[in-house]
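Enquirer: Handing you this structure, nothing more for now.
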Amino acid sequence: MPHESISVFDMFKIGVGPSSSHTLGPWRAAQRFTDSLVARHGLEGLRQVTVMLYGSLAKTGKGHGTDIAIQLGLAGEDPVTFDPANIDTAIEAIRTKKELNIRGTHRIEFDPAVNVVFLYAESLPYHPNAMTFTAEWKDGYQLAETWYSIGGGFVKKEGEETAAGASVQLPFPIDTNNDLLHWCRMTGLSISEVVMENEATWRPEAETRAGVLRIWTVMHQCVYRGCHAEGMLPGGLHVQRRAAALNRRLIDGQPYENFESWIRAIRAGGNGFKYTLDWVSCFALAVNEENASFGRVVTAPTNGAAGVIPAVLMYFVAFCDGFSDEKIYRFILTASEIGSIFKKGATISAAMGGCQAEIGVSSAMAAAALTEAVGGNQRQAMMAAEIAMEHHLGLTCDPIGGLVQVPCIERNTMGAIKAITASQLALQSTPDFAKVSLDAVIRTMWNTAQDMNSKYKETSDGGLAVQIPLGLSEC
């Protein structure tokens, strides 16, 4: 199998909720299909575009906004820059006018009820998240492409060799944890320093640093916004937002006016166990309530698990003296490398591996990053990642109503707390005596994913999804 070179900016992507595989991925696939339209026959004379959704994309696509994302992608909007506040207006205009402006330059007749087809009983063999785009021109020319959303916003066209595009030759090629450990031992570099060297293959360090800190900015803005947003989450489950009320109780009247003064107010409350635990939960809830509301989030490594790493990073910032650009930069780089190893050795797609592939992976990423950030060595960081995943093995993905709300939002709080616990255990342990390696747990995760019944893989056909009547869930 050829080496896949994965950058920090592949693992962490700025986008729109609620799902990286069911929203961001289809959005990107739609954008790339329009590239094919232009390249293969041009937009002049294009008269019809139809999209067929298969497998998990069909079964939970409505709740995840797959149809919405595809329409915006076909229209030429970009998930990094498109204002989520304009989604409803844009989609309503398409629905009422029955017209879609391809790439913002060529209008065609388009009825979402007709031209986006949900094939609930059909799946394609390569991956459960499959979609086929077809196009027809007035002169009779036709084009069809099948795309797969393979998790974390990664997409792959049928027939493409890799999802990440052409590989580059990295100074430290890494496919497994053993590879990473080899380079750390040979060079004496920390995990984050190894990643820095590899990232320099793609771009200057200053550009990488600026991009990573932009990721941090979007993360902390999401946390702050979610901690101050009230109301009900969309989708019909009647799930009440909780982060804002929890923030009010915990802040206990301390004045603040922006993110920085908010952090100072949080610190003023001390660092007692219950207080800290409540804040970590609050941070995670805030992100995933924003995600469920089609808000701006960072895929970390997925949208469904987008709250774990920001919550642990906020814990590091607020309670571990981690509020510096350099420390945050290294934290995110370390997390990205652990995530890329999981992607190469197993999956980060819940439709392939259940929720262990999302919350489990994000918890492992956060555990390793926190461990290095607070002074742990390379092997302790890897041990922390292993511990975090070991205790997420077998976790199913069973969203009620196909929405990334129940049990997804609370699972982010659990993943964050487990990451911190895993880090503490690793810091108080000697990796020489560990019985389970990170590579072993990644193989185990993949074997578990293959054995897991498909109804527990983001289909809403099993688990809580069939036990809780829609509209009657308690959260």
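Enquirer: Considering each of Ala135, Ala206 in turn, give the residue that is free of Cβ contacts under 8 Å to residues at least 40 places away in the same chain and either part of a helix (DSSP H, G or I) or of a type in the set (A, V, I, L, M) (or both).
Expert: Going through Ala135, Ala206 in turn, the sole match is Ala206.
Enquirer: For segment 241-267, give me each residue that is over 16 Å from Glu230 (Cβ atoms), polar (S, T, N, Q) and touching a helix residue (DSSP H, G or I) at 6+ places or on another chain (Cβ under 9 Å).
Expert: Once the filter is applied, which keeps residues that are over 16 Å from Glu230 (Cβ atoms), polar (S, T, N, Q) and touching a helix residue (DSSP H, G or I) at 6+ places or on another chain (Cβ under 9 Å), segment 241-267 yields Gln254, Asn258.
So that you can scan it fast, the table gives a plain yes or no per residue for (1) charged (D, E, K, R); (2) within 23 Å of Pro128 (Cβ to Cβ):
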position: Ile417; (1), (2): no, no
position: Ala426; (1), (2): no, no
position: Ser429; (1), (2): no, no
position: Ala434; (1), (2): no, no
position: Leu438; (1), (2): no, no
position: Trp446; (1), (2): no, yes
position: Asp451; (1), (2): yes, yes
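Enquirer: Now for a different question. Go through Leu285, Leu237 for me and flag whichever is under 28 Å from the mean Cα position of the chain (by Cα) and part of a helix (DSSP H, G or I).
Expert: Sole residue among the options that is under 28 Å from the mean Cα position of the chain (by Cα) and part of a helix (DSSP H, G or I): Leu285.
Enquirer: Out of Arg330, Arg296, which single residue is out of contact with any strand residue (DSSP E or B) (no Cβ under 7 Å at 6 or more places or on another chain) and either basic (Lys, Arg) or surrounded by fewer than 24 Cβ atoms within 10 Å (Cβ to Cβ) (or both)?
Expert: After applying the criteria, what remains is Arg330.
Enquirer: Got at least one residue in segment 291-314 being part of a helix (DSSP H, G or I) and either among the charged types (D, E, K, R) or touching a Lys or Arg at 6+ places or on another chain (Cβ under 8 Å) (or both)?
Expert: Within segment 291-314 (the criterion being part of a helix (DSSP H, G or I) and either among the charged types (D, E, K, R) or touching a Lys or Arg at 6+ places or on another chain (Cβ under 8 Å) (or both)), the answer is no, since none of the residues qualifies.
Enquirer: Hey, can you tell me all the residues within segment 1-33 that are under 24 Å from Cys408 (Cα atoms) and among the basic types (Lys, Arg)?
Expert: Lys13, Arg28
Enquirer: Within segment 1-51, can you find the residues that are free of Cβ contacts under 8 Å to residues at least 60 places away in the same chain and either within 22 Å of Glu290 (Cβ to Cβ) or in the same structural domain as His64 (by TED's automatic domain parsing) (or both)? If you could, list the steps in order and put the result at the bottom.
Expert: Within segment 1-51, the subset free of Cβ contacts under 8 Å to residues at least 60 places away in the same chain is 1, 27, 31, 35, 39, 42.
Matches in segment 1-51: Trp27, Gln31, Asp35, Ala39, Gly42.
Enquirer: What helices (runs of 4 or more DSSP H) lie completely within segment 19-108 and have 3 or more residues being in contact with a Pro (Cβ under 8 Å, 6 or more places away or on another chain) and more than 30 Å from Cys355 (Cβ to Cβ)? Let's see the steps before the verdict.
Expert: Numbers: elements: 25-40, 55-64, 66-74, 87-97.
Passing ranges: none, list empty.
Enquirer: Would you be able to tell me the number of residues in segment 401-423 that are in contact with a Pro (Cβ under 8 Å, 6 or more places away or on another chain) and part of a helix (DSSP H, G or I)?
Expert: Matching residues across segment 401-423 total 1.
Enquirer: If you don't mind, another one. Of the residues Arg47, Arg28, which single one is charged (D, E, K, R), at pLDDT 95 or above and surrounded by fewer than 20 Cβ atoms within 10 Å (Cβ to Cβ)?
Expert: None of the other options fit; the residue is Arg47.
The values are calculated or read from the model by the stated rules, or taken from the named source; none is laboratory data. It should be emphasised that the depicted structure is a prediction, and the values quoted were computed from it without experimental measurement. Please note: Cβ atoms are built from the backbone with ideal geometry, for glycine as well, and neighbour counts cover all protein chains shown.
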